[in-house]
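Throughout, read-outs are computed from the coordinates displayed, never taken from laboratory work. Please read all numbers here as calculations on a predicted model, not as lab measurements. Counting neighbours? That spans all protein chains shown, and the Cβs are built from the backbone with ideal geometry, glycine included.
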Amino acid sequence: MKIAIIGAGNMGGATALGLAGALPEAAITVTAKHAATLEKFSARGLQTSLDNVAAARGADLVILGVKPWFLQGVLDELRPVLPGKLVVSFAAGIPASDLAEWLSGSGVTGIYTVIPNLAIEVGESMTFIHEISGTGETLRTVQSLFDAVGQTAVVDERRLHAGMMLASCGTAFALRYVRASAEGGVELGLYPKEAIAAALQTVKGAAALLEARGTHPEAEIDRVTTPGGITIRGLNAMEDAGFTAAVIAGLKA
């Protein structure tokens, strides 16, 4: 498959690197406004270009990694070379109706809004996919592409926004917990590198345990908390400080 990624910013760049690692047989071209931005991709063996139109012309699937406020202009630029291609947009907050209108009559074979997260770079994204137009075959193509770099969920537009908060923004929320946990570890006496390593491995292990056992988080919490023990004291202190309420408030904000 020939893939053009228009925009080598944080998400577009992470996607390029993740796909290159997971799908070495794919021909990936990445674009950016400045040559310096593209150097790290060239070093990884990816094709690069300063010309969005040229990159899209040679692709089967075009991924739009530009900022939402640039999207309509970029689509106008690409429109002459889009017939017969699949179009994937990473632009958050653009209604499906707007994207469909901007691509009306363009001859594309499918239009999808896709929300991955930065862990796509290491093959561990949680990616939400919303189909605006397409067929069963085009959906399978898009889903299999992002399944190669993590897990996917196909959702309606309403749930797409919820997924973005939980999984895309959620990367920052999870990392903020790791930072807070490591800072607590330092206060308790660990060296900073020890505390960060412990926090990371603990989060990684907790996620792996939950995934392997297929249980509810609270069931695993019950296995750790003994009556009168220190874990339940810690949990109750966190709840007194508003832990769960703060997480939910952050997602809703």
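The alpha carbons of the range 1-113 give a radius of gyration and a Dmax of 13.1, 39 Å, in that order. Put in line by how crowded their Cβ is, counting other Cβ atoms within 10 Å and starting with the fewest, M164, M1 read M1, M164. Listed values for the range 23-30 are Karplus-derived 3J(HN,Hα) couplings in whole Hz (6.51 cos²θ - 1.76 cosθ + 1.60, θ = phi - 60°), namely 10, x, 7, 6, 9, 10, 10, 10, and x replaces Gly and Pro. Counting other Cβ atoms within 10 Å as a rough exposure proxy, the listed residues Y112, Y191, Y177 run Y191, Y177, Y112 from fewest neighbours to most. If you plug the beta carbon distance of D222 and S144 into 1/(1 + (r/R0)^6) with R0 = 30 Å, you get a FRET efficiency near 0.20. Given a Förster radius of 25 Å and the C-beta distance between E239 and N10 as r, what FRET efficiency does 1/(1 + (r/R0)^6) yield to the nearest 0.05? My answer for the efficiency is 0.15. Over the residues of the chain, the helix contribution to mean residue ellipticity at 222 nm works out to -16000 deg cm²/dmol, using -39500 (n - 2.57) for each DSSP H run of at least 4. Taking 7 Å steps out from each Cα toward its Cβ at L209 and D156 produces label points 3.7 nm apart. When all alpha-carbon pairs of the chain are counted, what percent fall beyond 30 Å? Roughly 37 percent, rounded to a whole number.
Summarising the label geometry, the points placed 7 Å from Cα in the beta-carbon direction at L190 and S97 lie 5.0 nm from one another. Convex hull volume of the C-alpha atoms in the range 147-250, normalised per residue: 138 Å³. For S104, S168, the sequence from fewest to most other C-beta atoms within 10 Å is S104, S168. Packing order of peptides 217-227, 128-138, highest average first: 128-138, 217-227 (average count of other Cβ atoms within 10 Å over each peptide's residues).
One chain, two ends: I248 and T171. Fully extended at 0.36 nm per residue, the span grows by 26.3 nm beyond their Cα-Cα distance. Once both labels are positioned 7 Å from their Cα atoms along Cα-to-Cβ, the gap between Q72 and L50 label points is 2.8 nm.
Our coupling estimate for the range 183-194, obtained by passing each phi through the Karplus curve with A = 6.51, B = -1.76, C = 1.60 and θ = phi - 60°, is 5, x, x, 5, 4, 7, x, 7, 6, x, 5, 5 Hz, Gly and Pro reported as x.
Look at where the Cα atoms of the range 206-227 and of the range 22-97 average out, and the two centres are 41 Å apart.
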